[in-house]
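What follows is a set of notes on a single structure, which appears directly below.
The values are calculated or read from the model by the stated rules, or taken from the named source; none is laboratory data. Predicted model, so just to flag it, every value in this text is computed and none were measured. FYI the Cβ positions are ideal-geometry reconstructions off the backbone, even for glycines, and counts take in every protein chain you see.
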Amino acid sequence: MLVLFETSVGYAIFKVLNEKKLQEVDSLWKEFETPEKANKIVKLKHFEKFQDTAEALAAFTALMEGKMNKQLKKVLKKIVKEAHEPLAVADAKLGGVIKEKLNLSCIHSPVVNELMRGIRSQMDGLIPGVEPREMSAMCLGLAHSLSRYRLKFSADKVDTMIVQAISLLDDLDKELNNYIMRCREWYGWHFPELGKIISDNLTYCKCLQKVGDRRNYASATLSELLPEEVEAEVKAAAEISMGTEVSEEDICNILHLCTQVIEISEYRTQLYEYLQNRMMAIAPNVTVMVGELVGARLIAHAGSLLNLAKHAASTVQILGAEKALFRALKSRRDTPKYGLIYHASLVGQTSPKNKGKISRMLAAKTALAIRYDAFGEDSSSAMGVENRAKLEARLRSLEDRGIRKISGSGKALARAEKYEHKSEVKTYDPSGDSTLPTCSKKRKIEEVDKEDEVIEKKAKKSKIKVKAEEEEENVLIVEEETPVKKKKKKDKKKHIKEEPLSEEEPCTSTAISTPEKKKKKKKKRDTED
Amino acid sequence: MKPAAGARGGGGGGRARGRGARGRGAGRGRGRRRRAVAAASVEPHRHEGVFVYRGAEDALATRNLVPGQSVYGERRVTVGEGGARREYRTWDPFRSKLAAAILGGAERLHIRPRARVLYLGAASGATVSHVSDIVGPQGLVYAVEPSPRAGRELVGVARRRPNIVPVLEDARHPLRYRMLVGMVDVLVADVAQPDPARIAALNAHAFLRRGGHFLVSIRASAAAGAAAALAAELRLLRREDLRPQEQLTLEPYERHHAVVLGVYRA
């Protein structure tokens, strides 16, 4: 009887030397106690080694599914068919397949199981020519490649590339700007007018590279770089330029810098394309929703796509505005409405009033898109496209006034308020200056005095009014009070109670009465004002 | 959200540590004050390869196979002078059933240096890393875990530790990974399945050597049928020649869990 034994290093086919021992299932294990004993009962007939990990991987996959792969088929054909002996296999399903395809009789039974156990325990000794270390190394390597295969590890899905690319893009921009400024300044010594004529940096450098010294401008052709009039302007300016003369060497160095600038510019465009490709591959839905740059920045800010997916939609909305957020939270003011998401095209194309609304809606749908990309199995952008269409529809309805309200049942017409000019006087609030913990609640003396003054003034105003009323009609004080009251009510700023005022008017001034109320909380004071 | 995330992360980590600390304190009696940190020391546990860290709080620890690295954010301690400096990783019994079993008083833990272990239900590799620490560079741990999410973490752990072989297959079909696994000395089954005994038996028949030991974690979920379920599992084990020798509950670290230790085909 032959035995098929699969290892991570290759297929092993053993021949059972002593078939009689197989009768005693329970004591079969004794035969495998030592390598010598083991070699007496089974002998390695053939060992088909795997050439590389790929072959081993294929063999394993076939084994897992209970099928035969080509290599196994070949081996079996060669060895077993000739021997005309039954083959013992560990997997009954595999045995069935072998029988069907190769017409070999296969055995699977408890005896076979015992045999397998025995062989496995003496694996090292039974397969000469394979070092135990080689075996374990191969085993480990195979296990790792298998697990990677299982996890469908694709290099495309690594989002570290995005993070690095966007950081590099920003760095490049900074560097490019520095270099260009330097180039302009340097060459400006020689030909300052060119800087004023050509505003585009890349054209400037290319122009410079082509011509170099001022004297060559007359003979050079800049028609590919510049339009006709500009070229003429440049040539004219070159004739009457105020700049100094420079030597060959100097021009040489400036040209080097120029070349650098142009190279970096080109690389930047390349990098941007690369970033776009990667974004589309890794996070197609996010790209559709907010665009590549914003998407990449969001991922870079969070650290990885997975981290970004863990954030709530409200966090995605203000990602990038942390300084403003925490400052506002500490001084209890309004928090920012948008962070990095402000630069998304959807937010950019709305009117300033609706930017906040759109930013919130966009953040909500973007958070969904992020999660879909991070955890979803397929990488289609259908969901992103759908959501974007929805958002665009909502945006249109927001922009057009007089259309149905978005929230609620959607049946009520959106109310547009009558235009009233509300003059807003904004004063500087110093509470946002320092993020140190605010000082104690004790109010300073100046503050209290100031407040008193304000109240005094208001009280005086109302006092004068009341006095005027009283002088007119002493008898009808009570009736007069109500119109005065009504007047007061219209004036939203003044809530000072009428009755205590008129009562106390003859005896005490309100300036003294209000200090009694000083001890009340600040809020109440505000409402009184 | 760097500041917020940092705060949240710190809070999360602090919470986990606090839980562990309370757990360890609870094991020795509630309301125990933290000892003044005189000198942190590490002494060997009764089980070979396991250590006890005695510092402000006591903890179970294993010697770090890869010094300088934490696997799941656990605390590392370095003890010793000069050449004898050794790094240990503390072992959280709330995260690891094996640690809970040791603290629960397992008589004999057969996972020892140079052992070969088949670990079913490896998850993200937290416990497996400690087993890898114990068996050392001459031992071997086959970590079986079917879930790709957890498997990803496991592969990361295995990459750093050459004595862990990751097997991302279903433990219910041991024949599927027969190409990768050799005979083992110890079988640990911590699968979250309703039939751990059957799975353990299948794997034992394929890979556990004669006289090898096993450790099966059984979850008795429903309170009503808990005892009956446990008894049924034990019967199955016995039928498959997995003789139980010890049985202990994992309270207070895990609820409704019991661990059965025993020997195979003695």
Checklist line | Residues satisfying the stated conditions in region A:75-115, i.e. under 18 Å from A:THR7 (Cβ atoms) and surrounded by fewer than 16 Cβ atoms within 10 Å (Cβ to Cβ) | finding: none
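Which one is farthest from the other protein chains (Cβ to nearest Cβ), of the residues in region B:120-131 that are part of a helix (DSSP H, G or I) and closer than 22 Å to B:ARG178 by Cβ?
The selected residue is B:VAL131.
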Checklist line | Scope region B:163-184; condition part of a helix (DSSP H, G or I) and either at the interface with chain A (Cβ under 7 Å from one of its Cβ atoms) or under 17 Å from the mean Cα position of the chain (by Cα) (or both); matching residues | finding: B:LEU175, B:ARG176
Margin query: I'm told B:PRO137 meets every condition in (1) farther than 25 Å from A:PRO132 by Cβ; (2) assigned to a loop (DSSP other than H, G, I, E, B); (3) within 12 Å of another protein chain (Cβ to nearest Cβ) except one. Can you identify the failing condition by its number?
Written below: (1)
Check: With region B:30-119 as the region, which strands (runs of 3 or more DSSP E) entirely inside it contain at least 1 residues that are of a type in the set (A, V, I, L, M)?
Finding: B:41-44, B:50-54, B:58-63, B:76-79
Notebook entry, point to check: Of all residues in region A:245-303, which are more than 18 Å from A:LEU340 (Cα to Cα) and of a type in the set (Val, Ile, Thr)?
Noted result: A:VAL246, A:ILE251, A:ILE254, A:THR259, A:VAL261, A:ILE262, A:ILE264, A:THR269, A:ILE282
Next item on the list: Out of A:GLU36, A:GLU6, A:GLU65, report the one residue that is of a type in the set (Asp, Glu) and away from every other protein chain (no Cβ under 12 Å).
Entry: A:GLU36
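Given the options A:LEU76, A:LEU17, A:LEU28, A:LEU22, name the one that is in contact (Cβ under 8 Å) with a residue 24 or more places away in the chain, closer than 30 Å to A:ARG150 by Cβ and not acidic (Asp, Glu).
A:LEU76
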Check: Got a sec? Which of A:ASP373, A:ASP334 is at pLDDT below 95, among the charged types (D, E, K, R) and buried (at least 20 other Cβ atoms within 10 Å of the Cβ)?
Finding: A:ASP373
Item checked: Every residue from region A:125-148 that is within 9 Å of chain B (Cβ to nearest Cβ) and either touching a helix residue (DSSP H, G or I) at 6+ places or on another chain (Cβ under 9 Å) or among the charged types (D, E, K, R) (or both) -> A:MET135, A:LEU140, A:LEU142, A:ALA143, A:HIS144, A:LEU146, A:SER147, A:ARG148
Note to self: Looking at region A:221-233, can you tell me whether even one residue there is part of a helix (DSSP H, G or I) and within 14 Å of A:PHE191 (Cα to Cα)?
What the structure shows: yes
Margin query: Against the conditions (1) charged (D, E, K, R); (2) in contact with a Phe, Trp or Tyr (Cβ under 7 Å, 6 or more places away or on another chain); (3) more than 17 Å from B:MET179 (Cβ to Cβ), where does A:LYS20 fall short? Just the number, please.
Written below: (2)
Note to self: Among the residues of region A:189-202, are any part of a helix (DSSP H, G or I) and among the hydroxyl-bearing types (Ser, Thr, Tyr)?
What the structure shows: no
Next item on the list: Please state which of the following conditions A:SER397 fails to meet, knowing it meets all the rest: (1) in a loop (DSSP other than H, G, I, E, B); (2) modelled with pLDDT of 70 or more; (3) not charged (D, E, K, R).
Entry: (1)
Check: What number of residues in region A:127-140 are of a type outside the set (Lys, Arg) and surrounded by fewer than 16 Cβ atoms within 10 Å (Cβ to Cβ)?
Finding: 6
Check: For region A:84-107, what are the residues that are assigned to a helix (DSSP H, G or I) and either within 14 Å of another protein chain (Cβ to nearest Cβ) or hydroxyl-bearing (Ser, Thr, Tyr) (or both)?
Finding: A:ALA92, A:LYS93, A:LEU94, A:GLY95, A:GLY96, A:VAL97
Check: Looking only at region B:217-245, which residues are of a type outside the set (Ser, Thr, Tyr) and farther than 24 Å from B:ALA206 by Cβ?
Finding: B:ALA220, B:ALA222, B:ALA223, B:ALA224, B:GLY225, B:ALA226, B:ALA227, B:ALA228, B:ALA229, B:LEU230, B:ALA231
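In this structure, does B:ARG149 turn out to be surrounded by fewer than 23 Cβ atoms within 10 Å (Cβ to Cβ) and either among the β-branched types (Val, Ile, Thr) or modelled with pLDDT under 90 (or both)?
The answer is yes for B:ARG149.
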Check: Which of the following residues is modelled with pLDDT under 90 and part of a helix (DSSP H, G or I): A:LYS43, A:LYS81?
Finding: A:LYS81
Check: Are any residues in region B:144-162 in contact with a strand residue (DSSP E or B) (Cβ under 8 Å, 6 or more places away or on another chain) and at the interface with chain A (Cβ under 9 Å from one of its Cβ atoms), and if so, which ones?
Finding: B:GLY151, B:LEU154, B:VAL155, B:ALA158
Checklist line | Flag for A:GLY195 being surrounded by fewer than 19 Cβ atoms within 10 Å (Cβ to Cβ) and farther than 30 Å from A:ILE299 by Cα | finding: yes
Checklist line | Residues of region A:9-33 classified as within 21 Å of B:ALA266 (Cβ to Cβ) and within 14 Å of chain B (Cβ to nearest Cβ), total | finding: 9
Next item on the list: Say whether the condition of being in contact with a strand residue (DSSP E or B) (Cβ under 9 Å, 6 or more places away or on another chain) and assigned to a helix (DSSP H, G or I) is met by at least one residue in region B:185-196.
Entry: yes
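Being among the hydroxyl-bearing types (Ser, Thr, Tyr) and without any contact (Cβ under 8 Å) to a residue 40 or more places away in the chain is the filter; apply it to region A:230-272 and report the residue that is surrounded by the fewest Cβ atoms within 10 Å (Cβ to Cβ).
Across region A:230-272, the extreme among qualifying residues is A:SER247.
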Check: Given (1) part of a helix (DSSP H, G or I); (2) within 12 Å of chain B (Cβ to nearest Cβ), where does A:ALA54 come up short, assuming only one miss?
Finding: (2)
